[in-house]
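Colleague: The structure is given below, and queries will be raised subsequently.
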Amino acid sequence: MTTDAAAPGSVRPPDDCAVPTRPADAPPPGTVLSSHYDACVGCGATHPTGLRMTVVAGEGLTVHGRFTVTADHQGAPGLTHGGLLALALDEVLGGLGWLLQTPMVTGRLQTEFVRPVPVGTTLELDAVVDGVAGRRIFCHALARDADGRALVARAYAVFVAVSLDHFREHGDSAAVQRAIQRTEERRDWAVSP
C-alpha cells in the first residue's frame, strides 16, 4: 500500500496542486450562503430532523458553519452520533462550492473524531480549500465546541467538480430543477455551473 500524498484516493493535495483565487463575483465574506435544497439533511430548513446548518462565506476560500446538536442526532444516549459529525463536516466542506462557483460532490471524506460531543452542544465548523487539480478539489474542515472552542472533529476531503446535469441525471430531475430555480431566486450573485 502506498502512502504517497498524490496517490489515487488520497485526501492530501498533490505537490503540484494549485490554490485557486477566489472569483471576484463569489459571495462576499459575511454572506449567509443559501441552502442548495430545502429538504437537505445538512442545510435544509424543512428537513424535520436535519442539522439546519447555517454556512457563511469567509475570507479567501473559507466558509464557517454552525449548528446545534439535538436529541435527533444522538447515537449513544446523550452523545452525538459519529456519522452525524461526518455529515456536518461534509456539509460545511460542500459550502466551499459556493465560493468556487462550482457544483461539486464528495469523492472522499476522511474523518477523525477527537472527543465526544454531548447533545445540546453548538458546533462551529471552519472549512478551507487546500488546492485544485483538474476536477478534484482538496479541502479540510475543523469542528469545535462553540463554548470552549475545543476541537471535536476534523476532516480531509476530495470533492469532484460536476455539471448540474449530474444531479438531474442521478437524482429527482424535477426536484433538482425546482431547487436550482429557488436558489437562483434567493441570491444576488450567479453560480457558473
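Colleague: Identify, please: which residue in region 1-40 is over 17 Å from Gly97 (Cα atoms) and open to solvent by 70 Å² or more (accessible area, probe 1.4 Å) and is, among those, modelled with the lowest pLDDT?
Modeller: Ranking the candidates gives Met1 first.
Colleague: Basic (Lys, Arg) and more than 27 Å from Gln177 (Cβ to Cβ): does that describe Arg66? Quick ask: steps written out before the conclusion?
Modeller: Values: basic (Lys, Arg): yes; more than 27 Å from Gln177 (Cβ to Cβ): yes.
Taking the combined requirement at face value, the residue satisfies it.
Colleague: While we're looking at this one, here's another question. Considering only residues that are without any contact (Cβ under 8 Å) to a residue 24 or more places away in the chain and open to solvent by less than 40 Å² (accessible area, probe 1.4 Å), which ones fall in region 41-71?
Modeller: Hits for region 41-71 are Gly44, Gly50.
Colleague: Quickly run through region 112-137 and pick out the residues that are more than 19 Å from Arg66 (Cβ to Cβ) and among the acidic types (Asp, Glu).
Modeller: Passing the criteria: Glu112, Asp130.
Table: residues versus (1) more than 30 Å from Gly78 (Cα to Cα); (2) at pLDDT below 95; (3) of a type outside the set (Lys, Arg); (4) open to solvent by less than 30 Å² (accessible area, probe 1.4 Å).
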{"residue": "Thr111", "(1), (2), (3), (4)": "no, no, yes, no"}
{"residue": "Val114", "(1), (2), (3), (4)": "no, no, yes, no"}
{"residue": "Gly131", "(1), (2), (3), (4)": "yes, no, yes, yes"}
{"residue": "Ala161", "(1), (2), (3), (4)": "yes, yes, yes, yes"}
{"residue": "Arg187", "(1), (2), (3), (4)": "yes, yes, no, no"}
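Colleague: Against the definition (at pLDDT below 95, within 19 Å of Ala157 (Cβ to Cβ) and open to solvent by 40 Å² or more (accessible area, probe 1.4 Å)), how does Leu99 come out, yes or no?
Modeller: Values: at pLDDT below 95: yes; within 19 Å of Ala157 (Cβ to Cβ): yes; open to solvent by 40 Å² or more (accessible area, probe 1.4 Å): no.
Judged against the criteria, Leu99 is not a match.
The values are calculated or read from the model by the stated rules, or taken from the named source; none is laboratory data. Only a predicted model underlies this, so the values are computations on that prediction, with no experimental measurement involved. Methodologically, a virtual Cβ is constructed for each residue, glycine included, from the backbone with ideal geometry; neighbour enumeration extends over all protein chains shown. For accessibility, only protein heavy atoms count, side chains too; no ligands or nucleic acids. Shrake-Rupley method; radii C 1.70, N 1.55, O 1.52, S 1.80 Å.
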